[in-house]
1. Name every residue in the range 14-48 that is among the charged types (D, E, K, R) and within 13 Å of the chain's Cα centre (by Cα), in order of residue number.
2. Using the structure shown, decide if ASN75 is surrounded by fewer than 13 Cβ atoms within 10 Å (Cβ to Cβ), touching a strand residue (DSSP E or B) at 6+ places or on another chain (Cβ under 8 Å) and within 26 Å of GLY114 (Cβ to Cβ).
3. For HIS101, which of the numbered conditions (1) more than 13 Å from the chain's Cα centre (by Cα); (2) closer than 21 Å to ALA24 by Cα fails to hold?
4. Would you mind finding the one in GLU68, GLU19, GLU13, GLU53 that is touching a residue at least 40 places away in the same chain (Cβ under 8 Å) and either under 19 Å from HIS101 (Cβ atoms) or surrounded by 15 or more Cβ atoms within 10 Å (Cβ to Cβ) (or both)?
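We did not get these values from a lab; they are worked out from the coordinates using the rules stated. Computed from a predicted structure; not experimentally measured. Glycine also receives a Cβ, built like all others from the backbone with ideal geometry; neighbour counts cover every protein chain displayed.
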Amino acid sequence: MTIRALRDDYHGEFKDSLEKFGGAQLVYLGWDKHQMFCSSRAFPLPPEMRFQELLDNVMPEAFGQHPEFTQIDWNKAQWILDNSAFQPDHSKSLTELDIGHKSLLRLVTPELTGYKGAGI
């Protein structure tokens with residue numbers, strides 16, 4: 001994700017730059033129309049993590065407490081990466097999929113409307 005200062009003459013140190021995370025990168029995860037979560041959640045993830053590992057290990061930690069989480073049909077899940085439609089290959093790493101430091105990955109589940117329809 002590109003960072004742009006409000007002023008061209010700003011040259012400060014970024015406290016959340018990639019080198020500050022010891023080999024991990026921040027990835028923001030969001031689940032559209034699921035208001036139980038007020039915003040996306042940030043996770044420090046290894047760039048070599050496979051997308052399937054993200055689904056198996058990170059997504060349950062991020063969203064598993066939602067009553068609809070167990071109803072997700074991962075084969076029908078839609079994804080948005082940094083505001084563009086995204087079709088992940090589950091066998092590839094985050095790096096291979098161009099999921100970089102401070103990327104925003106959003107899950108869309110059209111068949112699920114949030115707790116008691118709150119996302120409609």
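1. ASP32, ARG41 - these are the residues of the range 14-48 that are among the charged types (D, E, K, R) and within 13 Å of the chain's Cα centre (by Cα).
2. Numbers: surrounded by fewer than 13 Cβ atoms within 10 Å (Cβ to Cβ): yes; touching a strand residue (DSSP E or B) at 6+ places or on another chain (Cβ under 8 Å): no; within 26 Å of GLY114 (Cβ to Cβ): yes.
It is false that ASN75 is surrounded by fewer than 13 Cβ atoms within 10 Å (Cβ to Cβ), touching a strand residue (DSSP E or B) at 6+ places or on another chain (Cβ under 8 Å) and within 26 Å of GLY114 (Cβ to Cβ).
3. It fails just one condition, (1).
4. GLU68
Conditions tested, residue by residue: (1) basic (Lys, Arg); (2) closer than 23 Å to LEU107 by Cβ; (3) touching a residue at least 24 places away in the same chain (Cβ under 8 Å).
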position	(1), (2), (3)
ALA5	no, no, no
ASP32	no, yes, yes
LEU45	no, yes, yes
GLU48	no, yes, yes
PRO60	no, yes, no
